[in-house]
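Heads up: the structure comes next, in structure tokens.
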Amino acid sequence: MLGVQLAELLDGAPPGVEDALDLVTGFDDALANGLARLSEERAAAVAALAGSVGATPLAARVAEAAGKVAAGSIADEHLTALAGARTALFGAVHDALLARLDAALGRSRAAWEEPGSLATVPENLLVGSRSWLTELAIAGWRGVDHDLVSASSQTVEALLAEPGLRRLAVLLDGLAAELRASAPVATVDRLPARRWADLWARALLLSQAGSWPGEATRTVSGRLLILGVDVHEHPTAMQAQVHAVLEPAGGEPSRLVRTSVAATKVDTISGPFLWQLLSGVRGLRKALAEHLSLDITDMPLLGSGDLVWHDDRARLGEPADPFATARVQLAGASAPAVPPLDRHPVRIAEPVLLEGYTVTGDAFVLDGNALAVEVDRLPSCGPLTPELVAASTACLGLMRWDAGRWSVRPLAVQATVKKKPVVAHTGDWALGPTDQKVLKAGARVGDPVAVLRERAGRLLRK
């Protein structure tokens, strides 16, 4: 990325973005205090949200929903309409930001195509999900107590038992866990109102019949060149999202793809032990740890650019340096389309290669332009540290937008430490730590995954 391009990107938000976010903030404040007891000011904020989509096909339904909620008549279809309007506003912000980023990077992007079919999921489970989410909206975050949080348990358990609804199940489970940790929320000084509203709105839309895409758009074969892995950790779940360049068989142009593997967990499992939860994808883990390419055959590819990972359809290939891949392939690879429900600015995560910068505090400075670095988001399951980032001269990372600014989340760095070159990637410990200090520390505390598996086996034998 050239300095002048970075300057254009960082030169304020696109027109209308701040106004749209202010409308969302007003609605989120109303949601935090409960839609069953709207003050005049908060009722006006809900009406303003409805007015923002007045020129769209959502206009009539959202206007009716705002009126019903203001009158105290709240049903899940009204809340769904308001969640849809909120999501549409964020979608517009997302599109404006991503268009500016693509222009700065000179990156082309595929257009979204609707899936050919929709998956069939049990309607009664969706109804149960919507019912709990409606109770949350009526009570508001300030009205959440332990009883209200516990009411989700049966719904989450039923959703987890249905493979097609795992995404919704994990989302609800995570939201419930955060609320449980803060309950009673009335005593909390500061609320993560936007985050909880994001989770609530997404869960409500995913709880609608017809929200679930059917089979993968196509299957692909070719060579997969890994750029890096972004590890997301929550007390109840973890996900490793691998970003890569796919060279399709048959000579098609290279494209950017992702693949995500996830597992449920307990909060005692963290650090390098997280990788053990992904025991079913050892081939992918080996490719991450040893920086190998992968030859994939008939791997399902969604329209979002996400590969549905099957470890048995991937064969380990030759060594492939992610930095070399980025320097040669990243500029010309086509980016995937963004599905409608994923069009949220906080979900922007575009791979970039940054070089020729200096480090000042928690920012990379390139030609006088400062780009914030998310050193506080480095995963504990890899060797990448704030000190290595500060000593770096090149960084493979994800461009992100949050809290009103652009930032980069490092996935790998090239640095000089004690006059020696050092390269560190977030996936280097995918097969286990290579740092002797970390190995000794792990030996002292024991392996929590092995302990839990042994206890589970003992219970099953009884």
**OP:** Only residues that are in contact (Cβ under 8 Å) with a residue 24 or more places away in the chain and either among the small types (Gly, Ala, Ser) or in contact with a helix residue (DSSP H, G or I) (Cβ under 9 Å, 6 or more places away or on another chain) (or both): list them for the stretch 275-287, please.
**Re:** Trp275, Gln276, Leu277, Leu278, Gly280, Val281, Arg282, Gly283, Leu284, Arg285, Ala287
Subject >> The lone exception for Val413 - which of (1) surrounded by fewer than 20 Cβ atoms within 10 Å (Cβ to Cβ); (2) over 19 Å from the mean Cα position of the chain (by Cα); (3) at pLDDT 95 or above it fails >> reply: (1)
Original post:
Among the residues of the stretch 261-270, is there at least one that is buried (at least 18 other Cβ atoms within 10 Å of the Cβ) and farther than 25 Å from Ala169 by Cβ?
Top reply: no
**OP:** Go through the stretch 373-410 and give me each residue that's under 15 Å from Ile348 (Cβ atoms) and crowded, with 17+ Cβ neighbours inside 10 Å.
**Re:** Gly397, Leu398, Met399, Arg400, Trp401, Trp406, Ser407, Val408, Arg409
**OP:** Quickly run through the stretch 307-325 and pick out the residues that are assigned to a helix (DSSP H, G or I) and either β-branched (Val, Ile, Thr) or not assigned by TED's automatic domain parsing to the domain that holds Arg258 (or both).
**Re:** Thr325
Subject >> Members of the stretch 338-372 found to be aromatic (Phe, Trp, Tyr) and either surrounded by fewer than 16 Cβ atoms within 10 Å (Cβ to Cβ) or not in a loop (DSSP other than H, G, I, E, B) (or both), listed by number >> reply: Phe364
**OP:** Considering only the stretch 382-395, state which residues are closer than 22 Å to Thr325 by Cβ and either assigned to a loop (DSSP other than H, G, I, E, B) or without any contact (Cβ under 8 Å) to a residue 12 or more places away in the chain (or both).
**Re:** Gly382, Pro383, Leu384
Original post:
Do the conditions hold for Ala209, that is, is it of a type outside the set (Asp, Glu) and in a helix (DSSP H, G or I)?
Top reply: no
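The values are calculated or read from the model by the stated rules, or taken from the named source; none is laboratory data. All figures in this text were calculated on a predicted structure; none of them were measured in a lab. Note that we place each Cβ from the backbone using ideal geometry, even for glycine, and neighbour counts take in every protein chain shown.
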